[in-house]
1. Considering (1) out of contact with any helix residue (DSSP H, G or I) (no Cβ under 9 Å at 6 or more places or on another chain); (2) not in a helix (DSSP H, G or I); (3) not hydrophobic (A, V, I, L, M, F, W, C), say which one His289 fails and leave the rest.
2. If only one of Ala96, Ala87, Ala100, Ala107 is open to solvent by 20 Å² or more (accessible area, probe 1.4 Å), farther than 17 Å from Ala162 by Cα and in contact with a strand residue (DSSP E or B) (Cβ under 8 Å, 6 or more places away or on another chain), which one is it?
3. From the list Ala222, Ala249, Ala236, which residue is among the aliphatic types (A, V, I, L, M) and within 28 Å of Thr191 (Cβ to Cβ)?
4. Give the residue that is nearest to Trp71 (Cα to Cα), with candidates limited to residues of region 105-126 that are in a helix (DSSP H, G or I) and of a type in the set (Gly, Ala, Ser).
5. Quick check on Ala29: is it at pLDDT below 90 and out of contact with any helix residue (DSSP H, G or I) (no Cβ under 8 Å at 6 or more places or on another chain)?
6. Within the set of pairs 6 or more residues apart or between chains, which connect a residue that is within 17 Å of Pro223 (Cα to Cα) and free of Cβ contacts under 8 Å to residues at least 40 places away in the same chain inside region 263-281 to a residue that is of a type in the set (Lys, Arg) and surrounded by 11 or more Cβ atoms within 10 Å (Cβ to Cβ) with Cβ atoms less than 6 Å apart?
7. For region 75-129, what are the residues that are of a type in the set (Ser, Thr, Tyr) and farther than 21 Å from Leu45 by Cα?
8. Considering only region 108-144, state which residues are modelled with pLDDT under 95, among the hydrophobic types (A, V, I, L, M, F, W, C) and more than 12 Å from the chain's Cα centre (by Cα).
Amino acid sequence: MSTHAPYAPQSRSARTVTLPATLDEAVAALAAVPAAVPVAGGTDLMASINAGQLRPAALVSLSRISEIRGWRYQDGMALLGSGLTLARMGRPDFAALIPALASAARAAGPPQIRNVGTLGGNIITAAHTGDTLPVLAALEATLVVVGPGGARRDVPVSHLFAGMEMLRPSELVSHVRVPFLHAPQAYLRATGRTGPARATASVAVVLDPAHRGVRCAVGAVAPMPLRPLEAERWVASLIDWSRVSEPGAQALAPEALQAFGDYVAMACIPDPPATEGGEPAALPPAAVHLRRTVAALARRGLGRALT
């Protein structure tokens, strides 16, 4: 049964926190107070509240809902609870099944953030620097969304990122469905300084040997993860799939690997439009540096996945 507690973040008027024990109770609490906001780990939300940037009428805490705090197998896929913490995702048993997502979770800030930050929070906040987002895009994950009256629907994660499908009033993301590819994966990121910091660029590369495909997603350089689809198809056609993951084998020529990095970077950070006189415009120095960073990450990510 859900409970309530007073809540007053830097405000003279008292607000409430609802503590539901089930997803249905959480949805009902959101429906009862349309201006209420759900909160899981709160690493981003509470920072906004404490800074005075957000003043919700009420909070619905998801911390007591046990059904969203773990993960399980379902029909050849992993069904990940939206309340799964980043710290839990970084552990070896999880990494053995979805290594790129585990790498992204381990990169998502210091331990105090990973211990409370959740997968669902990373998705809903949708910060362009979110570490799990490019991995979920490359994995082509699907969100399981619950709503009033026991309603359930599936939303491709890319649709949410692109704004093609948004959460409706009183809806919550309960789980994330990720296919088990049993294939090499890699996640790499670059930051502006040493130590824990937000990514300035990140790249997820996922191989799909069964379909002889390459999936690549670039994060932090745009409001949403970018998929360079033409680069994916081009490099997939050059890979010797019979030699992928074969110790000491070379499944892709070095020059093709180099070109793939450049292809991805050009697709994600294109040249600016030509001037009115038809002269090619130059990229700003910061964009040139970012393009080189993305190229290096994509090249290393694919190289790591192939070895």
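The values are calculated or read from the model by the stated rules, or taken from the named source; none is laboratory data. All values derive from a computational prediction rather than experimental measurement. Counting neighbours? That spans all protein chains shown, and the Cβs are built from the backbone with ideal geometry, glycine included. We work out accessible area using only protein heavy atoms, side chains counted, and drop any ligands, DNA or RNA first. Shrake-Rupley method; radii C 1.70, N 1.55, O 1.52, S 1.80 Å.
1. His289 satisfies every listed condition except (2).
2. Ala107
3. It is Ala222.
4. Here the residue is Gly120.
5. On the way: at pLDDT below 90: no; out of contact with any helix residue (DSSP H, G or I) (no Cβ under 8 Å at 6 or more places or on another chain): yes.
It is false that Ala29 is at pLDDT below 90 and out of contact with any helix residue (DSSP H, G or I) (no Cβ under 8 Å at 6 or more places or on another chain).
6. Qualifying pairs under 6 Å: Ala265/Arg291.
7. Listed by number, the list holds a single entry, Ser103.
8. Ile113, Val116
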